[in-house]
Amino acid sequence: MKRLIVSFIAIYSALILAACGKSGGGGNTNTGVIPNCAVGTVWNGSSCVVVNGGGNVVTGPTQFYDYNYYGNNTNYRGSLSIVNSGAYATFLKEALAVCGRTIWGIEAGLAKCENWTSGSLMVSFSIDGSMRPVVRFEAYPAPNWYQYTLSLGINAGGVAFNPLILSNNNTFSLINSSKGFEIRAQGSYLNGGGLRLIQVMVKEGTLAQNQFAYELYFPHNGVATKFATGVFKRY
């Protein structure tokens, strides 16, 4: 498992460097113009925000991650837990576009979201002194589908992103009377996910800590719904 995490971190770190100018998930192009913010505030990608007494000020890249991982005859657990499989299926379908996109209602194998919701998910984010976060999601199907490529169904269109890496137009804001923070990102417009808001919510915690609890939200049946919880750890 150490090799898996080290490999994941190494790949992600390389992708973070590549994401400075563009989003791996097909987000809008950043103009590169950063306004001058008032003393005590920083630019978060869309506006000047007040930082929490220096607790959320970072001078270099700071990265956090969490995961669950189910493989054949293995069960490595981070802290991540899916708490709403229906909302998670919607996230897989609309944000990553890896399943549930058939037009004739015929789905089997990897085209069926139910074969992913009991699988694995890795989530991480990086942020630097610009206070503009980069978020990354990577999903794996259930263990019994790892070795198969069967995907029965006619795809309704759109580009699948797995991993989904979003770096443009993300925002970092304080919440809960400045006790916590929230990262907001929109998925890629290339698969319709750009119309959906992805929220990473930390009700209590700062970037200065080595770990903190978080919640993931995505629209499900028209309502922002919590689909996963866990504890981010610094790496």
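Derivation of every value follows stated rules applied to the coordinates shown; laboratory data play no part. Here the structure is a predicted model, which is why all the values come from computation and not from measurement. Methodologically, a virtual Cβ is constructed for each residue, glycine included, from the backbone with ideal geometry; neighbour enumeration extends over all protein chains shown.
Per-residue Karplus couplings for segment 114-126, computed as 6.51 cos²θ - 1.76 cosθ + 1.60 with θ equal to phi - 60°, are listed in order as 4, 7, 10, 5, 9, x, 10, 9, 10, 9, 8, 8, 10 Hz, Gly and Pro entered as x. On the beta carbon distance between residue 224 and residue 59, with R0 = 41 Å, the FRET formula returns roughly 0.80. Phi angles of segment 179-187 translate, via the Karplus equation with coefficients 6.51, -1.76, 1.60 and θ = phi - 60°, into HN-Hα couplings of 7, x, 8, 9, 9, 10, 9, 10, x Hz per residue; Gly and Pro are given as x.
Residues whose amide H lies under 5 Å from that of residue 110, counting only those 5 or more places away or on a different chain, are 150, 151, 152; hydrogens are built 1.01 Å from N in the peptide plane.
For the cross-link pairs 93/179; 203/233; 112/203, which exceed 24 Å when the distance is taken from alpha carbon to alpha carbon?
93/179; 112/203
Modelled this way, with points 7 Å down the Cα-to-C-beta line, the labels at residue 48 and residue 213 are 3.5 nm from one another.
Taking amide H as placed 1.01 Å from N in the peptide plane, the amide H of residue 41 sits under 5 Å from none that are at least 5 places away or on another chain. Extension gain for residue 235-residue 128 works out to 37.1 nm (0.36 nm per residue, less the C-alpha to C-alpha distance).
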